[in-house]
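Novice: Quick one: the structure is below, questions incoming.
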Amino acid sequence: MSPSIIFPTTYAEVSAAVLRAKSQGPDLAVRCGWHSTAIDASGLTIDLSRHLNSVTIDAENQVARVQGGSRFSQVEREAIKFGLAVPAGTVSDVGVGGLTTGGGYGWLSGEHGLTLDSLISATVVIANGDIVEANETEHADLFWGIRG
């Protein structure tokens, strides 16, 4: 596979890219928020940051729905509109995907825990291309793995 980068607009496109990478070679990287240098120079990079980056806040239930390409600054900006704060990192330009799966230690962690402690569900494209919800009741083993 020659090096390439794609900017999917749907989870179905992410699934197709995972299957493409699986069939053409093992080199695959996923870039969420551009804070790191997660580009695979020898294979396929799936960059979620351009299109899969929406943030919606359910203020009544105090829940944020955040796509994998979002940056923490987007989440923070939306939460503040409702007088809410997010237990997250100390640098606002980090991608939420890496921040969350890496733990997410920040200013509010002492009182409210790590970012990943607030994770209640994740939409995940698994290696066979299936798109699944991982939470405490569905794909609980995958959810446990995401949360560490």
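The values are calculated or read from the model by the stated rules, or taken from the named source; none is laboratory data. As the structure is a computational prediction, the values presented were derived from the model and not from experiment. Methodologically, a virtual Cβ is constructed for each residue, glycine included, from the backbone with ideal geometry; neighbour enumeration extends over all protein chains shown. Just so you know, the surface numbers come from the protein's heavy atoms only, side chains and all, with ligands and any DNA or RNA stripped out. Shrake-Rupley method; radii C 1.70, N 1.55, O 1.52, S 1.80 Å.
Novice: Determine, from the Cβ-Cβ distance of A16 and N61 and an R0 of 22 Å, the FRET efficiency 1/(1 + (r/R0)^6), rounded to the nearest 0.05.
Specialist: Efficiency at R0 = 22 Å is approximately 0.10.
Novice: Using the alpha carbons of the chain, what is the convex hull volume per residue in cubic angstrom, as a whole number?
Specialist: 109 Å³
Novice: Based on DSSP loop calls and a cut-off of at most 16 other Cβ atoms within 10 Å, the longest stretch of the chain free of exposed trypsin sites (Lys or Arg not before Pro) is what?
Specialist: For trypsin sites (Lys or Arg not before Pro) (loop position, at most 16 other Cβ atoms within 10 Å), the longest site-free span of the chain is 82-148.
Novice: Which residue, A17, A79, A127, has the most motion in a Gaussian network model of the chain that connects Cα atoms within less than 10 Å?
Specialist: Of the options given, A127 has the highest mean-square fluctuation.
Novice: Could you please put Y11, Y105 in sequence from largest to smallest accessible area, using a 1.4 Å probe?
Specialist: Ranking Y11, Y105 by accessible area, largest first, yields Y105, Y11.
Novice: Rounded to the nearest 500, what is the chain's calculated 222 nm mean residue ellipticity when only DSSP H runs of at least 4 contribute -39500 (n - 2.57) each, over all residues?
Specialist: Calculated at 222 nm, the ellipticity per residue is -7500 deg cm²/dmol.
Novice: Further question on the same structure: Using a simple charge model, +1 on the beta-carbon of Lys and Arg, -1 on the beta-carbon of Asp and Glu, nothing else, what dipole does the chain show about its Cα centre, in debye to the nearest 20?
Specialist: 420 debye
Novice: Short version: ³J(HN,Hα) in whole Hz for each residue of the range 47-53, in order, from phi by Karplus 6.51 cos²θ - 1.76 cosθ + 1.60 (θ = phi - 60°), x for Gly and Pro, what are they?
Specialist: Values, residue by residue: 9, 7, 5, 6, 10, 9, 9 Hz.
Novice: Hey, what's the chain come to in accessible area per residue, 1.4 Å probe, Å²?
Specialist: 57 Å²
Novice: Taking 7 Å along the Cα-to-C-beta vector as the label spot, tell me the F82-S4 distance in nanometres, rounded to one decimal.
Specialist: 3.9 nm
Novice: Amide H of R31 versus every other amide H placed in the peptide plane: which residues, excluding those fewer than 5 positions away on the same chain, fall under 5 Å?
Specialist: I46, D47, L48
Novice: Where the accessible area of the chain is counted over protein heavy atoms with a 1.4 Å probe, how much of it, in %, is carbon and sulfur?
Specialist: Ligands and nucleic acids excluded, carbon and sulfur give 55 percent.
Novice: Also, I was wondering about something else. Where in the chain is the longest stretch that carries no GluC sites (Glu not before Pro) classed as loop by DSSP and with at most 13 other Cβ atoms within 10 Å?
Specialist: 61-135
Novice: Per residue and in cubic angstrom, what volume does the convex hull of the Cα atoms of the range 75-115 have?
Specialist: 60 Å³
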